[in-house]
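A quick write-up on the structure given underneath.
The values are calculated or read from the model by the stated rules, or taken from the named source; none is laboratory data. Predicted model only: the values in this text are computed from it and were never measured. Because the Cβ atoms are built from the backbone with ideal geometry, glycine has one as well, and the counts that use them run over all protein chains shown. Remember, those area values only see protein heavy atoms, side chains included, never the ligands or the DNA or RNA. Shrake-Rupley method; radii C 1.70, N 1.55, O 1.52, S 1.80 Å.
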Amino acid sequence: MHRDGTDPENVQLEDILCDFCSEAAWAAGSPCIEGHRGSVICGKCLSVAFVSIVTCKVEEQEAECVMCLEKRTTPVWKGLREEAIICRRCVKQSSGVLQKSPDYDWSKPS
Ligand SMILES: [Zn+2]
Ligand SMILES: [Zn+2]
């Protein structure tokens, strides 16, 4: 998502925020994954989401995922913001993308 007051004609890296923790996603230097409609999840949130999903620490519920915009009943992970919800499929897909990033060990939450 974009920071409040972002000029749509002139979006800066610092204006792109992680939908899940509201921190500057790209500016921190970690890889991020973009979803639909400008949604972004940063590597930090993705690693937490991935661990929660693979260890089944998440509940199955009907929810609309901000990354793929699909509404389904599935295990979901929620970020700090109320509307920030990512489905299991997106977590797995996104983590597959980051695994190809050689110099970032996203799988170990700091
Ligand atoms: Zn984040
Ligand atoms: Zn999804």
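Checking the structure you have, find out if any residue of segment 49-59 is under 18 Å from Arg81 (Cα atoms), more than 15 Å from ligand 2 (Cβ to nearest atom) and in contact with a helix residue (DSSP H, G or I) (Cβ under 9 Å, 6 or more places away or on another chain). No, segment 49-59 contains no residue that is under 18 Å from Arg81 (Cα atoms), more than 15 Å from ligand 2 (Cβ to nearest atom) and in contact with a helix residue (DSSP H, G or I) (Cβ under 9 Å, 6 or more places away or on another chain).
Taking segment 76-86 as the range and being over 10 Å from the mean Cα position of the chain (by Cα) and open to solvent by less than 30 Å² (accessible area, probe 1.4 Å) as the test, only Val76 passes. Starting from residues that are within 13 Å of ligand 1 (Cβ to nearest atom) and farther than 16 Å from Lys92 by Cβ, keep the ones in segment 35-57 and report whichever is surrounded by the most Cβ atoms within 10 Å (Cβ to Cβ). Step by step, filter segment 35-57, then rank; the result is Cys42. Screening the candidates Cys90, Cys65, Cys42 for the property of being in contact (Cβ under 8 Å) with a residue 40 or more places away in the chain and of a type in the set (A, V, I, L, M, F, W, C) yields one hit, Cys90.
Taking each residue of segment 17-32 that is over 9 Å from Cys45 (Cβ atoms) and aromatic (Phe, Trp, Tyr) and looking for partners that are open to solvent by less than 50 Å² (accessible area, probe 1.4 Å) and outside any strand (DSSP E or B) with beta-carbon atoms closer than 8 Å, six or more apart or interchain, yields nothing.
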